[in-house]
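Reading through the structure tokens given below for one structure.
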Amino acid sequence: MREKLKAIINEVINEVLPDKAVKNKLKELNVQSEVRLVSIGKAAWRMANAAKEVLGDRIKKGIVITKYKHSEGPIEGIEIYEAGHPTPDENTIKATKRALEITSNLSENDTVLFLVSGGGSALFEMPKDGISLSEMQDLTNQLLKSGANIIEINTIRKHLSKVKGGRFAQHVYPAKVLSLVLSDVLGDRLDTIASGPAYPDSSTSQQAIDIIEKYKLKVSNDILNALKEETPKELPNIETYIIGSVKVSCDKAMEKARELGFNTIILTTQLNCEAKEAGRFLAAIGKEILENNRPIPKPAAVILGGEAVVHVKGNGKGGRNQELALSFAIEIEGLEKIALCSFGTDGTDGPTDAAGGIVDGQTCEKIRKAGYSPEKLLENNDSYNALKIANDLLITGPTGTNVNDLIVMLVE
């Protein structure tokens with residue numbers, strides 16, 4: 001079953017690589033003018049390289065800002081920067097400053113080709129005056145550990161930034177911003193993907209302040225004052241297209257699972273809950289299929305897309321996909337003919353080198369034989385080391401794309 005899961009994963013990753021989507025959309029739009037290119041996010045290098053192949057010398061100046069180890073080499077005429085993710089660092093500020101320089105003093109006849117993928121919120125950042133990078137880093141880390149979802153996190157980011165929440169589009173005005181977007185956000189909310197640098201913001205200052213209070217975050221008065229300034233609600237100079245999303249990855253997973261002989265169902269493309277609970281819930285569905293052949297008959301493939309959250313209470317190492325997988329493994333311990341893979345399509349899950357995990361009924365047995373308790377490891381948010389002991393980590397390396405997380409459960 002593990003080999004079948006890996007076959008599904010490989011098919012999905014190959015299908016959602018952004019190269020083809022960028023090329024097809026640029027050819028469809030028939031972009032003939034000279035452009036300034038700004039590409040941000042974990043898929044930024046591939047998106048920019050695809051644009052270069054189509055537009056060639058029409059790219060007057062360009063910049064890529066991506067995560068460390070996500071660049072695949074030089075692109076002629078385009079500057080390449082790598083920076084911190086999920087927390088911005090000094091290279092983030094340096095690269096963003098350069099992007100703003102490249103897109104300064106433009107006219108209404110100019111076009112900025114803005115290529116956006118997941119991870120852009122951390123990688124494209126310039127704090128408002130009076131807010132230090134260290135304050136932004138501390139607040140980002142607090143949010144990541146609080147259990148806040150990506151929409152809440154980005155609501156805060158947008159109100160503290162000179163480039164997020166539509167402010168990048170304001171910066172390049174009156175030039176036109178043509179955005180091609182690879183979505184990693186539930187429901188493909190354009191004002192949330194990478195914190196919407198070139199899209200009108202629907203969130204409000206009050207919502208940002210409410211999130212601070214909800215999670216009891218410790219912030220300075222400078223941050224509180226900055227949050228009170230509203231983001232742009234109208235932008236006349238933007239044109240935006242979504243070219244890839246988690247829906248595409250789920251559809252491709254379903255297609256491949258059917259090809260392998262499984263009855264298939266997509267439960268949701270908008271998973272958004274505690275990772276541990278998602279694991280337990282999926283285990284319950286798996287047991288129902290095993291024992292009662294419902295809600296879908298065996299052999300069955302159950303597919304979900306989205307992004308779970310982790311409320312960190314322990315001091316272990318892991319990510320949301322690894323935590324979901326370990327929670328699932330505990331619930332189905334000892335059962336045969338059931339397996340699950342949960343992974344980030346970008347190839348990274350939390351602050352680890354793993355994309356996620358592949359687990360089955362023997363996972364916990366292997367952990368216990370090594371002298372460890374899977375339950376205690378889960379409680380300590382130490383899913384990485386638990387799955388490492390079981391040799392059940394999924395390590396793909398950077399994939400060049402990012403369209404949320406994908407979970408596939410197989411029951412035979």
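With every protein chain left in place, what is the accessible area per residue of segment 121-218 in square angstrom, probe 1.4 Å?
Roughly 33 Å² per residue, with all protein chains present.
Do any trypsin sites (Lys or Arg not before Pro) in segment 163-239 lie in a DSSP loop with no more than 10 other beta carbon atoms within 10 Å, and if so, which?
LYS216, LYS218
With a probe of 1.4 Å, find how much accessible area segment 267-412 has per residue, and write the answer as a whole number in Å².
37 Å²
When the Cα centres of segment 234-274 and segment 370-408 are compared, how far apart do they sit, in Å?
23 Å
Counting only DSSP beta bridges with both residues in the chain, tell me the antiparallel percent, nearest 5.
40 percent
For segment 40-194, what proportion of DSSP beta bridges, expressed in % and rounded to the nearest 5, is antiparallel?
10 percent
Please report the Cα spread of segment 283-364 along all three principal axes, rounded to whole Å, starting with the longest.
Extents along the principal axes: 38, 24, 19 Å.
Report the residue, chosen from LEU340, LEU178, LEU123, that carries the largest GNM mean-square fluctuation when the chain is represented by alpha-carbon nodes joined by springs under 10 Å.
Most flexible of the set in this elastic network: LEU178.
Of LEU106, LEU5, LEU29, which is farthest towards the positive pole of segment 1-156's charge dipole, taken about the Cα centre with +1 and -1 on the beta-carbons of Lys, Arg and Asp, Glu respectively?
LEU5
For segment 302-311, what does the Karplus curve 6.51 cos²θ - 1.76 cosθ + 1.60, with θ = phi - 60°, yield as ³J(HN,Hα) per residue in whole Hz, taken in order and with x for Gly and Pro?
10, 10, 9, x, x, 7, 6, 10, 10, 9
Given a cut-off of under 8 Å on Cα pairs at least six residues apart, what relative contact order in percent is computed for segment 292-372?
28 percent
Give me the percent of accessible area attributable to carbon and sulfur for segment 278-386, probe 1.4 angstrom.
Result for segment 278-386: 48 percent of the exposed heavy-atom area is carbon or sulfur.
Would you mind working out the magnitude of the charge dipole of segment 206-309 relative to its Cα centre, with +1 at each Lys and Arg C-beta and -1 at each Asp and Glu C-beta, to the nearest 20 Debye?
Dipole of segment 206-309, to the nearest 20 debye: 520 debye.
Classify segment 179-220 as rounded, prolate or oblate, taking a ≥ b ≥ c as the square roots of the eigenvalues of its Cα gyration tensor: rounded when a/c is under 1.5, otherwise prolate if a/b is larger than b/c and oblate if not.
prolate
Summing Lys, Arg as +1 and Asp, Glu as -1, what charge do residues with Cβ under 9 Å from the Cβ of ALA275 carry, ALA275 excluded?
Local charge sum for ALA275: -1.
Identify which of VAL248, VAL309, VAL64 has the largest mean-square fluctuation in a Gaussian network model of the chain, with springs joining Cα atoms closer than 10 Å.
Looking only at VAL248, VAL309, VAL64, the largest GNM fluctuation is found for VAL248.
Helix-only mean residue ellipticity at 222 nm, the chain, DSSP H runs n ≥ 4 weighted -39,500 (n - 2.57), per residue, nearest 500. What is it?
Calculated mean residue ellipticity at 222 nm is -12000 deg cm²/dmol.
Could you pull out every residue, at least 5 positions away or on a different chain, whose amide H is within less than 5 Å of the one on GLU79? Hs are placed 1.01 Å off N in the peptide plane, and Pro or chain starts have none.
GLY62, ILE63, VAL64
Compare GLU108, GLU255, GLU277 in a GNM of the chain, Cα atoms joined below 10 Å, and give the one with the largest fluctuation.
Largest GNM mean-square fluctuation: GLU108.
Mind checking the dipole of the chain: about its Cα centre, +1 per Lys or Arg Cβ, -1 per Asp or Glu Cβ, Debye to the nearest 20?
The calculated dipole for the chain is roughly 180 debye.
Dipole of segment 38-170, Cα-centred, from +1 at each Lys and Arg C-beta and -1 at each Asp and Glu C-beta, to the nearest 20 debye?
Dipole about the Cα centre, nearest 20: 200 debye.
Filter the cross-link list LYS20/LYS162; LYS42/LYS317; LYS27/LYS247; LYS176/LYS216; LYS256/LYS337; LYS67/LYS298 down to pairs whose alpha-carbon distance in this structure exceeds 29 Å.
Those over the limit are LYS20/LYS162; LYS176/LYS216; LYS67/LYS298.
Could you tell me whether the chain comes out rounded, prolate or oblate from its Cα gyration tensor? Rule is a ≥ b ≥ c as square roots of the eigenvalues, rounded for a/c under 1.5, then prolate if a/b exceeds b/c, otherwise oblate.
Judged from the Cα gyration tensor, the chain comes out prolate (a/c at least 1.5, a/b above b/c).
Once the Cβ-Cβ distance between GLU239 and GLN206 is put in as r, and R0 is 25 Å, what FRET efficiency do you end up with, to the nearest 0.05?
0.25
What per residue convex hull volume, in Å³, comes out for segment 131-225 when only alpha-carbon positions are used?
About 105 Å³ per residue, rounded to a whole number.
The values are calculated or read from the model by the stated rules, or taken from the named source; none is laboratory data. Quick caveat: nothing in here was measured; it's all calculated off a predicted structure. All Cβ positions, glycine included, derive from the backbone under ideal geometry; neighbour counts span all protein chains shown. Only protein heavy atoms, including side chains, enter the accessible area calculation; ligands, DNA and RNA are left aside. Shrake-Rupley method; radii C 1.70, N 1.55, O 1.52, S 1.80 Å.
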